[in-house]
Every structure is written in C-alpha cells, then in structure tokens.
1. For segment 1-40, give me the residue count where each residue is of a type in the set (S, T, N, Q) and out of contact with any Ser or Thr (no Cβ under 7 Å at 6 or more places or on another chain).
2. Suppose we filter 64, 25 for residues that are closer than 23 Å to residue 174 by Cα and more than 16 Å from the ligand (Cβ to nearest atom); which single one remains?
3. So, in segment 85-95, exactly how many residues are within 16 Å of the ligand (Cβ to nearest atom) and in a strand (DSSP E or B)?
4. Which condition does residue 111 not pass, out of (1) among the aliphatic types (A, V, I, L, M); (2) under 22 Å from residue 49 (Cα atoms); (3) in contact with a strand residue (DSSP E or B) (Cβ under 8 Å, 6 or more places away or on another chain); (4) away from the ligand (no atom under 15 Å from the Cβ), if it passes all the others?
5. Checking the condition under 15 Å from the mean Cα position of the chain (by Cα) and away from the ligand (no atom under 15 Å from the Cβ), which residue from 39, 8 passes?
6. State yes or no: is residue 126 free of Cβ contacts under 8 Å to residues at least 60 places away in the same chain, within 12 Å of the ligand (Cβ to nearest atom) and open to solvent by 50 Å² or more (accessible area, probe 1.4 Å)?
7. Any residue that is touching a Lys or Arg at 6+ places or on another chain (Cβ under 9 Å), in contact (Cβ under 8 Å) with a residue 24 or more places away in the chain and over 25 Å from residue 173 (Cα atoms) - is there at least one of those in segment 38-55?
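The values are calculated or read from the model by the stated rules, or taken from the named source; none is laboratory data. Everything numeric here is computed off the predicted structure, so don't read it as measured data. Note that we place each Cβ from the backbone using ideal geometry, even for glycine, and neighbour counts take in every protein chain shown. Heads up: the accessible areas ignore ligands, DNA and RNA and are worked out on the full protein's heavy atoms, side chains in. Shrake-Rupley method; radii C 1.70, N 1.55, O 1.52, S 1.80 Å.
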Amino acid sequence: MILPVYTYNHPVLKQRTAQIDDMSDELRDLIRDMFETMYKANGIGLAANQVGKGLSLTVIDISDRDEGEDPGQIVLINPVIEAFSDDEEEFEEGCLSLPDYRDTVIRPSAIQVRYLDASMTERVMEADGLVARVMQHEIDHLNGIYFFERLSPIRRTLGSGKLKKIARGQFEADYPTFPQSE
Ligand code: ZN
C-alpha cells in the first residue's frame, strides 16, 4: 500500500522517534509499505516519521542509482551512528518531505552505524559513498532533523522561501502527500 508522505511542517517530522522493541506483523506491513511508497516516489530512503509513524525505522535502496555498489534493500531499526570519518563530502540532497527543495549538504563521507535488521538481529555496518549519505539523511529524520538544518545560515536563509511554499501546500509532487498540495 502506498502511504502519503508527510511534508514540512508537520510536527511528526520534528519529533525524535521511539525505539522499537519487537517485530510484529504490523511492523512487517509498515516496512513493506514504506518500500512501496519510496519506490513510487522515486526516493532512495524513507524514514517512518515521513509516513506519520513515530518509530525509529528507515528503509533505503540505492540500487537504481549508478554507483557500482548495490547493497540491495536496507532496513535500519533503532540505528545509531557510532563513528564519523574526519573527511567530509559535498552532495546535493533532496527530500520527499521537502518537494522542489534541493541543496548541497556537507557531511562526513563515511560512518559506522549500529542497528537492528528486519529480523531484529543487531548489526554494525561501515558505510561510505551514497549509502553513508542516505543513512545520515534518514537517521537525521529519526531524530527530528531536516537536511536544511545542516546548511550554513546563509544557505538556510536562501531556502526559507521554498519552505514557506511547502508549508502552504504550494508544491508539485507526483506521489501522495499529507497534507495534499494545493
Ligand atoms: Zn528526507
């Protein structure tokens, strides 16, 4: 089932999400629906609070981006970034909760993340490149942080008009959103 993607400035996107203790049929359905929703929206990552669920869960799939690496479908439950590389990278990010808004974000180029996978097995992954980038963006969502909060004050100011438009529903999206665009 395709779920509506919650857009700026819904409060669920500013909340720190809750830890997940057990897998359940309901959670398995949510994970499946999140992948379906993400593919429909041509996204490569989606956090549970972006579909209105305040849970520490994100799904990622960068398979259709030509990067020469294909980790397949990634499910991160209760993820925590334990280490960041010193070297940083610039990359232009977008966000399904911020339609029409893109900007270049500087982030550490590699991370180590501890998480539970879809079978609730604890794992530690070292990631770099696009996967590390998407993981940082999505884990920020789970902590109530948008990518634009990582921008310099001047870049944030330049983007503030776009944010106002999104909050008013003045955007184009070819996937369902909540609230709907005008
Ligand atoms: Zn996002």
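1. Restricting attention to segment 1-40, the residues satisfying the condition of being of a type in the set (S, T, N, Q) are 7, 9, 15, 17, 19, 24, 37.
From the residues that got through so far, the ones that are out of contact with any Ser or Thr (no Cβ under 7 Å at 6 or more places or on another chain) too are 9, 15, 24, 37.
Residues meeting the conditions: 4.
2. Numbers: 25 fails: closer than 23 Å to residue 174 by Cα.
Selected residue: 64, the only one of 64, 25 that is closer than 23 Å to residue 174 by Cα and more than 16 Å from the ligand (Cβ to nearest atom).
3. Taking segment 85-95 and keeping what is within 16 Å of the ligand (Cβ to nearest atom), we get 91-95.
Restricting the remaining residues to those that are in a strand (DSSP E or B) gives 91-93.
Number of matching residues: 3.
4. Condition (2) is where residue 111 drops out.
5. Of the residues listed, the single one that is under 15 Å from the mean Cα position of the chain (by Cα) and away from the ligand (no atom under 15 Å from the Cβ) is 39.
6. Numbers: free of Cβ contacts under 8 Å to residues at least 60 places away in the same chain: yes; within 12 Å of the ligand (Cβ to nearest atom): no; open to solvent by 50 Å² or more (accessible area, probe 1.4 Å): yes.
The answer is no for residue 126.
7. No, every residue in segment 38-55 fails to be touching a Lys or Arg at 6+ places or on another chain (Cβ under 9 Å), in contact (Cβ under 8 Å) with a residue 24 or more places away in the chain and over 25 Å from residue 173 (Cα atoms).
One line per residue, one yes/no per condition, for (1) surrounded by 13 or more Cβ atoms within 10 Å (Cβ to Cβ); (2) among the aromatic types (Phe, Trp, Tyr):
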{"site": "103", "(1), (2)": "yes, no"}
{"site": "110", "(1), (2)": "yes, no"}
{"site": "113", "(1), (2)": "yes, no"}
{"site": "119", "(1), (2)": "no, no"}
{"site": "138", "(1), (2)": "yes, no"}
{"site": "143", "(1), (2)": "yes, no"}
{"site": "146", "(1), (2)": "yes, yes"}
{"site": "152", "(1), (2)": "no, no"}
